[in-house]
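Single-structure report; data block below.
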Amino acid sequence: MALNIGIVGLPNAGKSTIFNALTAANVPAENFPFCTIDPSTGVVPVPDPRLEKLCEIYKPKKKTPTTVEFVDIAGLVKGAHQGEGLGNKFLSHIREVDAILHVVRCFQDPNVAHVSGKIDPKEDIEIINTELALADLETESKREAKKGKTPKPPDFQRLADKPTLFVANVGEGQAVPEAMPPGTIPLCGKLEAELAQLPEAEKGEFLKELGLKEPGLNRLIRVGYHLLNLITFFTAGPKECRAWTITRGTRAPQAAGKIHSDFERGFIRAEVMAYDDLVAAGSEAAVKASGKYRSEGKDYIVKDGDIMLFRFNV
């Protein structure tokens, strides 16, 4: 599944800084609006300790995590729906993503200009939401004008209806302002960017000094992954342990199709065990001996953490 999340916000909110930290792509993060014009993209693995544990058990030659693609979209400004600040181009980029990661500036820094001249998270959120809503109205008006001229109106997904995750880009040690929506993830973009540049051997010690178990970006990636109601199933063996992305509620044949279309067309059955059962038993053989290794048919709804082997006719 090609899952992509667009990073949006006002200019100088810290979008590119957070994107850099997520992808280590070193996208320019300059102190002026519209530094990012063409959207940059980066594919990021979804942190999942279950995959690491499977590798410990199976000792495969290859490990393949599931991924999320982040798209760094240039800053929107008031009037974007009318083309202000190259707004039409930026809004078209937002239409192409599955979900929105809305970065809101909460940090104070006299060396980084704010497009409005003041730090006001509530106002900043309202500007972006208003521009998305107005862009939707404009698109709907154009569609209404075309009715009767074309046999079928074009497909349309409202920007304002896209799943949205809010990130408060805070200063070091700063709490999330009360103005931010419930469920907002606090991130110190500057700190996360510094952490991302450290060698792996030094990251653990740096996090320990900060009193953190993992980078804040790990949580952001996982929450973004679940924002679209996605789950993970695994395939595991001596050749490869791999995580696969599907929508919650997917049945076994369609899950098999994520691996290869032939698996879905010729689906016979799925051999399934739960991740927790495997870890508790210690081996696949022990799961089978306990009677918890199951054979499931085409109506089986895949659960998060299922470890699956598909049987199919060519």
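The values are calculated or read from the model by the stated rules, or taken from the named source; none is laboratory data. If you're wondering where the values come from, they're calculated on a predicted model, not measured in any experiment. All Cβ positions, even for glycine, are placed from backbone atoms using ideal geometry, and neighbour counts span all protein chains on display.
Inspection of the stretch 223-230 finds no residue satisfying the criterion of being assigned to a helix (DSSP H, G or I) and modelled with pLDDT of 90 or more.
Yes/no matrix, rows are residues, columns are (1) outside the structural domain of residue 43 (by TED's automatic domain parsing); (2) buried (at least 18 other Cβ atoms within 10 Å of the Cβ); (3) at pLDDT 85 or above; (4) not small (Gly, Ala, Ser):
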site	(1), (2), (3), (4)
152	no, no, no, yes
157	no, no, no, yes
200	no, no, no, yes
203	no, no, yes, yes
214	no, no, yes, yes
237	yes, no, yes, no
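Given the criteria buried (at least 17 other Cβ atoms within 10 Å of the Cβ) and either more than 30 Å from residue 189 (Cα to Cα) or among the polar types (S, T, N, Q) (or both), does residue 280 qualify? No.
Can you name the condition, by its number, that residue 256 falls short on among (1) free of Cβ contacts under 8 Å to residues at least 60 places away in the same chain; (2) within 23 Å of residue 167 (Cα to Cα); (3) buried (at least 20 other Cβ atoms within 10 Å of the Cβ)? Here residue 256 clears every test but (2). Determine whether residue 269 is in a strand (DSSP E or B) and exposed (fewer than 14 other Cβ atoms within 10 Å of the Cβ). In short, no. Between 298, 303, the distinction of being over 23 Å from the mean Cα position of the chain (by Cα), modelled with pLDDT of 95 or more and assigned to a loop (DSSP other than H, G, I, E, B) belongs to 298 only.
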